[in-house]
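Worksheet: the structure to be examined is printed underneath.
None of the figures in this text is laboratory data; all of them are computed from the coordinates on show. Just so it is clear, the structure is predicted and the values come from calculations on it, not from any experiment. For neighbour counting, all protein chains shown are included, and Cβ atoms are generated from backbone atoms with ideal geometry for every residue, glycine included.
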Amino acid sequence: MADWHPIDTAPDGVVVHTKIDDAGGVRNEQQLKRRGNLWWFPDGSMYVYYHPTHWRPVQAQETATDG
């Protein structure tokens, strides 16, 4: 599995695997796409009401429809 990167280095407009990993623990792991300061579902249908802390590239076996 790829190493996680700080969220401020995430590419714009590319679907990546994201998570929140802070004092509250690891949560909200899912694939999202950044557009500016907002994080959107891969299909662009809706943005999420939180800001991930880490990202990694989507692995070859993962797809935007995987949970």
Whole-Hz couplings from phi, Karplus 6.51/-1.76/1.60, listed for segment 24-37; x for Gly and Pro: x, x, 8, 7, 6, 6, 6, 8, 9, 10, 7, 10, x, 9
Entry for Cα extents along the principal axes in Å (calculated from the structure that is shown) out of [x] 29, 29, 25; [y] 30, 26, 21; [z] 34, 24, 19: [y]
Residue-by-residue Karplus 3J(HN,Hα) for segment 4-9, coefficients 6.51, -1.76, 1.60, Hz, glycine and proline x: 7, 10, x, 5, 5, 9
Net charge contributed by nearby residues that have their C-beta within less than 13 Å of Pro11 (K/R +1, D/E -1): +2
Rounded to whole Hz, the Karplus (6.51, -1.76, 1.60) HN-Hα couplings of segment 43-51, x for glycine and proline: 7, x, 6, 6, 9, 8, 9, 8, 10
Cut-off under 5 Å, modelled amide H: who pairs with Ala10 long-range: none
